[in-house]
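To start, the structure itself, in structure tokens.
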Amino acid sequence: MNNRPDGMLGAILASESIGTADTLINGAGGCRSRAMILLNELLPEYQAEGEECCRSKFFSRQSKLPCTFINGDDIVFGTGPKVAEGVKSLYRNGKGTALVDTLSASLVCADYSRHVPPEMAPVTVDSDLAGMSFEEGFDTMSESLLSNAGIEGGESRMTVNILGYDITDRGWVYGAEEIGRLLAPMGVEIRCVPCCLPSEESLKASGSAALNVVMKKSFCVRTAEWYRRELGVPSLVPSAGYPLGYQACRSFVEEVASELGADPAPSLKAVDDDEAAVRRMVLKMNRAADMLRGRCFSVEADSSIALPLTRWMYEKMMMVPASVSPSDDARSEDVKSFLESVGFGEAFRGRREERSMARFTDGITAKILKSEGEPGPCVPVSFPWAETVNLTGRCLVGLGGSRCLLEDLLNGMDRFRCGQPFYADMRRSLSGAGHFHEVLDHAVQEPRGGGVHRLVVDLLPLASALDQARLLEGAQVVGHRGAGHSHDGGYVVHASLVMAEQPEYAEPGAVRQLVEGGRHRVEPFVFGEKVPELFHVLDVPVVVRQRFVFHMFAPWPLPMRSFYISCLSYD
């Protein structure tokens, strides 16, 4: 079943995004109510009702979205007279009218020109909106309204319009400012963001911009072509898509600078500085980012958002794409090509489910998943949103948007904190197996972060942890076994590693059962050969009862002579 909004809702929100006309819905009241609820959530500020709202029956005491409220008689005798009456009522407000037919109204043949004077003629679309996707309806209405907005041509260097960004984006008021902050250091000014309630002056001046920069391609195919055809303004579709994540922000800046002949260095420095600051903050979060590595994730969003998001999570966060389902086809081939290039082509519009996977989806779905006990992060990245108030500047674009997404991702993990001082372990000398035991045992006792969802096995019992290579008496090792913590002298579930320090068992065997669905390679690694490389992140698989449990990531040399390392193979 397709439960995505149709072109009618897209046309309504496009008209309200541009704001040059009152949107008259020709249909029953129920269609108007659903659109009104969504619109109220998208507008950040209260807008007082005018006198006409109370006097006109079409507004029905609301400030937005007047409606004809057609009934059975209108279906039989036609909706022309009622539409004409509504248009004349709205014309007294000094604004034009954008007429949007619902599915039932579109089936009724009506000639509005017979009842409406030419100077009051509403802006309409020729196609059947109910048969369009949300993005197509939005784009079609945008083109119709802009072509009737009196936009003037001209030429102004180092100015851009932002297309494909509108009030359905998260925190769109703050997001438009974030885009401006990305471009300002290199001397580029935003002339207009047509679908973010622009002023009349900026909208009319948008025809003089030197370039249209496309954010979500599916929302502005026809609009961008109209600007090129009628006003001679070319368009740039950034190769990385939506500027979400530091990689995409850099690509966005570089490509805009290349088109306009600007120097991208100041903007790129701002991106680098912000990324470095965020990295320092994330590093202090007690391995929170490390716990995401190797975890699966799914994406359900516009293809222009899915592309940079998938690349960011895979290349920088080292996560595994399990399902990437773009909601449109505008950049779907780019998403598919990327997944195939890294060996995860099966994830394109796949339906693989993993426990504790990170999910990037619309706001309502994310909220429902968390309410149902979803253990992994559920991050909202697309409309409709579940939040109705945004006071802190949360958005998805630019540097601020990248911070917000990382914040939602990291804070969305369900982690058990046992309160042991992890950083003290990092600062101590790891010359003995006892220190390695403390770090390893601390890692495995976090029940959700690493995938351990049952009684934790103490992988290094007390004997081997203290470098006691001799065999202890049986009663001391396994007698009255319980689940106590070895740090407190408690009991352990297994004592198999006591035998591991005998000379005949000095070399461990290779790990054979690893993450399901991932491609791995197992290679022998000797510490004496590549000591400098140990200061990079080390991925150590831990297996309990022949089952892969978690990866421990250690950015320091480990005190073992030789062991086997499992590395995710993405090439």
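Scanning segment 56-80 for residues that are in contact (Cβ under 8 Å) with a residue 12 or more places away in the chain and not in a loop (DSSP other than H, G, I, E, B) returns Cys67, Asp74, Ile75, Gly80. Restricting Ser267, Ser258 to those that are under 24 Å from Cys395 (Cα atoms) and out of contact with any strand residue (DSSP E or B) (no Cβ under 7 Å at 6 or more places or on another chain) reduces the list to Ser267.
Screening segment 42-67 for residues that are among the acidic types (Asp, Glu) and modelled with pLDDT under 80 and picking the one that is nearest to Thr388 (Cα to Cα) gives Glu49. Filter segment 209-243 down to the residues that are in a loop (DSSP other than H, G, I, E, B) and among the β-branched types (Val, Ile, Thr), then identify the one that is surrounded by the most Cβ atoms within 10 Å (Cβ to Cβ). So, considering only residues that are in a loop (DSSP other than H, G, I, E, B) and among the β-branched types (Val, Ile, Thr), the one surrounded by the most Cβ atoms within 10 Å (Cβ to Cβ) is Val233. Screening the candidates Ala130, Ala149, Ala98 for the property of being in contact (Cβ under 8 Å) with a residue 12 or more places away in the chain, assigned to a loop (DSSP other than H, G, I, E, B) and either touching a strand residue (DSSP E or B) at 6+ places or on another chain (Cβ under 6 Å) or not assigned by TED's automatic domain parsing to the domain that holds Asp169 (or both) yields one hit, Ala149. Being without any contact (Cβ under 8 Å) to a residue 12 or more places away in the chain, farther than 29 Å from Glu200 by Cβ and either touching a helix residue (DSSP H, G or I) at 6+ places or on another chain (Cβ under 7 Å) or of a type in the set (Phe, Trp, Tyr) (or both) is a condition met by no residue of segment 82-91.
Checked against the criterion of being touching a helix residue (DSSP H, G or I) at 6+ places or on another chain (Cβ under 6 Å) and free of Cβ contacts under 8 Å to residues at least 12 places away in the same chain, segment 370-380 has no qualifying residue.
Is one or more of the residues making up segment 295-314 of a type outside the set (Val, Ile, Thr), within 13 Å of Ala358 (Cα to Cα) and in contact with a His (Cβ under 8 Å, 6 or more places away or on another chain)?
There is no residue in segment 295-314 that is of a type outside the set (Val, Ile, Thr), within 13 Å of Ala358 (Cα to Cα) and in contact with a His (Cβ under 8 Å, 6 or more places away or on another chain).
Out of the residues in segment 158-199 meeting the condition of being in contact (Cβ under 8 Å) with a residue 40 or more places away in the chain and of a type in the set (Lys, Arg), tell me which one is nearest to Ala262 (Cα to Cα). Only one residue tops the list, namely Arg181. Looking across Val83, Val116, Val108, one residue alone is crowded, with 21+ Cβ neighbours inside 10 Å, at pLDDT below 90 and part of a loop (DSSP other than H, G, I, E, B). It is Val116. Candidates Arg351, Arg311, Arg331, Arg293: the one that is within 14 Å of the chain's Cα centre (by Cα), among the charged types (D, E, K, R) and outside the structural domain of Phe219 (by TED's automatic domain parsing) is Arg311.
The residues of segment 235-273 that are more than 25 Å from the chain's Cα centre (by Cα), within 15 Å of Asn212 (Cα to Cα) and among the charged types (D, E, K, R) amount to a single one, Glu259. Exactly one residue out of Ser258, Ser341 is among the hydroxyl-bearing types (Ser, Thr, Tyr) and assigned by TED's automatic domain parsing to the domain that holds Ala366, and it is Ser341.
Of all residues in segment 367-405, those that are modelled with pLDDT of 95 or more and either assigned to a helix (DSSP H, G or I) or not assigned by TED's automatic domain parsing to the domain that holds Leu307 (or both) total 8. For Val160, the criteria (1) among the hydrophobic types (A, V, I, L, M, F, W, C); (2) farther than 20 Å from Lys269 by Cα; (3) surrounded by fewer than 24 Cβ atoms within 10 Å (Cβ to Cβ) hold in every case but one, which is (3). The residues listed here are Asp414, Asp408; of these, the one that is without any contact (Cβ under 8 Å) to a residue 60 or more places away in the chain, in contact with a Gly (Cβ under 8 Å, 6 or more places away or on another chain), within 22 Å of Ser298 (Cα to Cα) and of a type outside the set (A, V, I, L, M) is Asp414.
Just one of the numbered conditions (1) outside any strand (DSSP E or B); (2) over 20 Å from the mean Cα position of the chain (by Cα); (3) modelled with pLDDT of 95 or more is not true of Val125: (3). The single condition among (1) out of contact with any Leu (no Cβ under 6 Å at 6 or more places or on another chain); (2) part of a helix (DSSP H, G or I); (3) in the same structural domain as Leu182 (by TED's automatic domain parsing) that Asp263 does not meet is (2). In contact (Cβ under 8 Å) with a residue 12 or more places away in the chain and either of a type in the set (A, V, I, L, M) or within 17 Å of Ala301 (Cβ to Cβ) (or both): is that true of Arg359 in this structure? Against the criterion (in contact (Cβ under 8 Å) with a residue 12 or more places away in the chain and either of a type in the set (A, V, I, L, M) or within 17 Å of Ala301 (Cβ to Cβ) (or both)), Arg359 qualifies. The sole residue among Asp169, Asp139 that is within 32 Å of the chain's Cα centre (by Cα), in a helix (DSSP H, G or I) and not aliphatic (A, V, I, L, M) is Asp139. Here Glu387 clears all of (1) of a type outside the set (A, V, I, L, M, F, W, C); (2) within 26 Å of Arg4 (Cα to Cα); (3) surrounded by 15 or more Cβ atoms within 10 Å (Cβ to Cβ) except the condition numbered (3). Return yes when Ala248 is closer than 23 Å to Gly180 by Cα and surrounded by fewer than 19 Cβ atoms within 10 Å (Cβ to Cβ) and no when it is not. For Ala248, the condition - closer than 23 Å to Gly180 by Cα and surrounded by fewer than 19 Cβ atoms within 10 Å (Cβ to Cβ) - is not met.
The values are calculated or read from the model by the stated rules, or taken from the named source; none is laboratory data. In this text, all values refer to a predicted model and were calculated from it rather than measured experimentally. Cβ coordinates were reconstructed from backbone atoms using ideal geometry, including for glycine residues, and neighbour counts include every protein chain displayed.
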